[in-house]
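Here the structure is laid out as C-alpha cells; the discussion comes afterwards.
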Amino acid sequence: MNFIQPPSETLSQAEAPTGAAPGPEQSIRDSKILVVDDQKMVRELLKIYLQSGGYQNLLFAGDGDEALDVITAEEPDLVVLDLQMPRMGGLEVCQTLRADPQFSMLPVLVQTAADSAEDRAEVFRSGATDMVGKPINDAELLARVGIHLQNRHMLRQLSHYRESMERDLQLARDMQHRIMPSERELGALNEKYGIEIRSHFETCDALGGDMWNAWPIDENRMGFHIIDFTGHGVVASLNTFRFQSLVAATRFDGNDQEAYIAKISRRLHSMLPAGQFATAIGGYIDMRENVMRYIAAAGPKPFLISPETPDGMFLPSDGRPLGMTADSQYEEREVAFPPGSSLFMYSDALTETPDMVNPVYDEDRIQLALTGGLDEAGHPFDVIHADFCDRVEGPLDDDLTMVMLSRPTQGEG
Amino acid sequence: MSNAVNVHGDHVEITLSGELTFSSYKEFQEVMKSATDAGKKSCIIDLSALQSIDSAGIGMLLFANDETKQTNIDLSLRGPQGPVKTVLEHTKINEVIPIVA
C-alpha cells in the first residue's frame, strides 16, 4: 500500500485558492499545527499561509525549549520548525523528539535555507520528516504540510483499526476459553464421579483450532472429547465454534456412540470447506462397569495408566478424521478403566513441535514423563507439562492441548 | 516441497518430495492444475520421496481427490514411506483415495 499521494496532485490542491477546489479533508484541516520560529514576523507569515490552506488550529512557539513544552502539553499533529533559534535550536528539538517514543512519529517540517547536500543530510539525520525551503513559498509549504498530515491521518486510522482488531480477538479468545469446561464444572464432575481433570490449552495464534470438553452423561458415565481442527488461527477457531454448536444441538444420548459420531462427522462434512476436517478422540468412562469406551478419529494415541498396566500403554486411535468424508464409519473401542486409572490425551503439537521429522517430544518421552521415569516430583500432568516447556524453545507453531482424566484408587478422593 | 509432473501414456504422474504442509498450498494447487490440464484419465501422486505431511497436507490430498472426481480423473497415491505412511494409515486415507503399489 502506498500512503504518499503523487506530489503533483497535492500541489494542485494546495495552489488552488481557498474554497475554489476541495482542500484537505475536514479531519485533516482540523489538525493541530505548531509553528516554531524566533521571529514574530515569520510566525505571522506562516500563520497566514496555513490559514489560507484551511488550517485554523494553530499553535506558536518562539524557541526550541518552548516548542518542547507546547508539544508535550498540546500533542500537535505536525510541527513546522525553524533551525536557528536562541536557547534550543531546531536540530536539537528534532533529536529530542525522536528519542521519545511518544513523539518518534510526529511529522516535523524543518524550514531551512540550507542548499548544500551536506546541510540537508544533517537535517534529515537529526530526525526531520521533511524540509521547506526558505524563503517560504506558500504553495510548497501547504503541499508538504498536506502530504504529511494525510500520512499521519492514515497511520492513525490503521492503528485504530489494529487496536479494534486486537480488542475483537481478545473477546473471541475469551469466548474460545469459555467453550471449554470451567473450574466450577470440573469441580462438579469431580464431586459426581470422583474424577480429577487437569488440562492445558494454548494457542499459537490469538485463536486456535483445538478444543476439549468433559460433561456428565448419566449417573455412572462421564463423556469427554479432545479435538484438533486442520490449520490454526481464526479459520480453525471458527470450526471449533461450529463443532460446539453442532454437539450442543445434537446431544449424545448415551446409547450408540458409533452412529452418533458418524452423524456428527457427516454433518461436519457438509459444513466444512473441502480439505478441512478434525482429528479427535471421544468417549465416556463408566464408573460402574469400570470401563472406558471410545471412538478414535485419528487423534494422537491416548496414554492409559491403570493398576493392570502401571507402565502405561498407548491406545490405538486410527480412524477417519471427523468431517473428512460424508460416509465415514466408526468403531467403538473398549478398555478397562478401574479406580486408579488415568488417561492422558493431547493434540499433535505435543509430538510435532517444532520439527515434524525430528520431534522434540515423542511417545517414549510421554511414557517416561507420565510414569515417573523423569525422577521429578509432583503430579504426572505437571511433570509432563514442565518437561515439554523445557524442551521447546520459542513460540509454538501449532495449538497445544493436553488433558488428563484420573480416577482415584478406592478409598481415596 | 518440490515436485515434478510427467506424462506416461494414459496417465499423469506427480512426484512430491520434502514436506507437504500448509506452506505448500499454492505450489500444490498449481501442480494439480497442470496435471489435470494434461487431459489424461488417471493421475498418480508418488509420495515415496515425501518426508512429512501435516493435517493441511492431508487436506490438500482430499481436496485434490474432490477436484479430480469432478473431472472424472482417477486419483491414486503411491509409495508413502516412514512418517507419511504412518499418518496416511492413521487417518485411513487409503479408504478414500486408493494407494497403489
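Can you name the residue in segment A:155-200 that is basic (K, R) and within 29 Å of A:G340 (Cα to Cα) and is also farthest from the chain's Cα centre (by Cα) among such residues?
Per the criteria, the residue is A:K192.
Quickly run through segment B:68-101 and pick out the residues that are under 25 Å from A:D228 (Cα atoms), in contact (Cβ under 8 Å) with a residue 24 or more places away in the chain and either within 12 Å of chain A (Cβ to nearest Cβ) or over 12 Å from the mean Cα position of the chain (by Cα) (or both).
B:Q81, B:G82, B:P83, B:V84, B:V87, B:L88, B:T91, B:I93, B:V96, B:I97, listed by residue number.
What is the number of the single condition among (1) part of a helix (DSSP H, G or I); (2) surrounded by fewer than 19 Cβ atoms within 10 Å (Cβ to Cβ) that A:L141 does not meet?
Status for A:L141: all satisfied but (2).
Can you name every residue in segment A:302-324 that is in a loop (DSSP other than H, G, I, E, B) and either surrounded by 20 or more Cβ atoms within 10 Å (Cβ to Cβ) or not assigned by TED's automatic domain parsing to the domain that holds A:N255 (or both)?
Correct list: A:P302, A:S317, A:G319, A:R320, A:P321, A:G323, A:M324.
Within segment A:101-108, can one find any residue that is assigned to a helix (DSSP H, G or I), exposed (fewer than 13 other Cβ atoms within 10 Å of the Cβ) and of a type in the set (S, T, Y)?
Within segment A:101-108, not a single residue is assigned to a helix (DSSP H, G or I), exposed (fewer than 13 other Cβ atoms within 10 Å of the Cβ) and of a type in the set (S, T, Y).
When A:H200 is evaluated against the numbered criteria (1) more than 28 Å from A:D256 (Cα to Cα); (2) part of a helix (DSSP H, G or I); (3) of a type outside the set (F, W, Y), which criterion, by number, is the only one it fails?
Among (1) more than 28 Å from A:D256 (Cα to Cα); (2) part of a helix (DSSP H, G or I); (3) of a type outside the set (F, W, Y), the lone unmet condition for A:H200 is (2).
For segment B:19-47, name all the residues that are touching a Ser or Thr at 6+ places or on another chain (Cβ under 8 Å), away from every other protein chain (no Cβ under 14 Å) and outside any helix (DSSP H, G or I).
If the condition is that a residue be touching a Ser or Thr at 6+ places or on another chain (Cβ under 8 Å), away from every other protein chain (no Cβ under 14 Å) and outside any helix (DSSP H, G or I), then B:S42, B:C43, B:I44, B:I45, B:D46 are the ones that fit.
Can you spot a residue in segment A:53-67 that is of a type outside the set (V, I, T), under 19 Å from A:P101 (Cα atoms), surrounded by fewer than 22 Cβ atoms within 10 Å (Cβ to Cβ) and under 42 Å from the mean Cα position of the chain (by Cα)?
yes
Find the residue count for segment A:262-293, including only residues that are free of Cβ contacts under 8 Å to residues at least 40 places away in the same chain and either part of a strand (DSSP E or B) or within 14 Å of chain B (Cβ to nearest Cβ) (or both).
2
Considering A:I261, A:I285, A:I226, which residue is more than 25 Å from A:T371 (Cα to Cα), modelled with pLDDT of 95 or more and out of contact with any Gly (no Cβ under 6 Å at 6 or more places or on another chain)?
Of the residues listed, the single one that is more than 25 Å from A:T371 (Cα to Cα), modelled with pLDDT of 95 or more and out of contact with any Gly (no Cβ under 6 Å at 6 or more places or on another chain) is A:I261.
Restricting to segment B:48-67, and then to whatever is charged (D, E, K, R) and at the interface with chain A (Cβ under 7 Å from one of its Cβ atoms), can you tell me which residue is surrounded by the most Cβ atoms within 10 Å (Cβ to Cβ)?
B:D54
For residues that are more than 14 Å from chain B (Cβ to nearest Cβ), crowded, with 17+ Cβ neighbours inside 10 Å and either without any contact (Cβ under 8 Å) to a residue 12 or more places away in the chain or among the β-branched types (V, I, T) (or both), tally how many sit in segment A:197-230.
Qualifying residue count, segment A:197-230: 3.
Of B:G82, B:G59, which residue is closer than 13 Å to A:G275 by Cβ and not aromatic (F, W, Y)?
Unique residue meeting the criteria: B:G59.
Mind telling me which of the residues B:F28, B:F22 ends up being buried (at least 17 other Cβ atoms within 10 Å of the Cβ), among the aromatic types (F, W, Y) and free of Cβ contacts under 8 Å to residues at least 60 places away in the same chain?
The conditions single out B:F28.
If you scan segment A:330-348, which residues turn out to be assigned to a loop (DSSP other than H, G, I, E, B) and more than 9 Å from chain B (Cβ to nearest Cβ)?
If the condition is that a residue be assigned to a loop (DSSP other than H, G, I, E, B) and more than 9 Å from chain B (Cβ to nearest Cβ), then A:Y330, A:E331, A:F337, A:P338, A:P339, A:G340, A:S341, A:S347 are the ones that fit.
Do we find a residue being surrounded by 18 or more Cβ atoms within 10 Å (Cβ to Cβ), touching a Lys or Arg at 6+ places or on another chain (Cβ under 8 Å) and within 25 Å of A:V70 (Cβ to Cβ) anywhere in segment A:147-165?
No - not one qualifying residue is present in segment A:147-165.
Do we have any residue at all in segment A:177-184 that's more than 14 Å from chain B (Cβ to nearest Cβ), surrounded by 14 or more Cβ atoms within 10 Å (Cβ to Cβ), outside any helix (DSSP H, G or I) and touching a residue at least 40 places away in the same chain (Cβ under 8 Å)?
Yes, some residue in segment A:177-184 is more than 14 Å from chain B (Cβ to nearest Cβ), surrounded by 14 or more Cβ atoms within 10 Å (Cβ to Cβ), outside any helix (DSSP H, G or I) and touching a residue at least 40 places away in the same chain (Cβ under 8 Å).
Report yes if some residue within segment A:380-401 is touching a Phe, Trp or Tyr at 6+ places or on another chain (Cβ under 6 Å), at pLDDT 95 or above and either farther than 23 Å from B:K92 by Cβ or assigned to a strand (DSSP E or B) (or both); otherwise report no.
Taking every residue of segment A:380-401 in turn, none turns out to be touching a Phe, Trp or Tyr at 6+ places or on another chain (Cβ under 6 Å), at pLDDT 95 or above and either farther than 23 Å from B:K92 by Cβ or assigned to a strand (DSSP E or B) (or both).
The values are calculated or read from the model by the stated rules, or taken from the named source; none is laboratory data. It should be emphasised that the depicted structure is a prediction, and the values quoted were computed from it without experimental measurement. All Cβ positions, glycine included, derive from the backbone under ideal geometry; neighbour counts span all protein chains shown.
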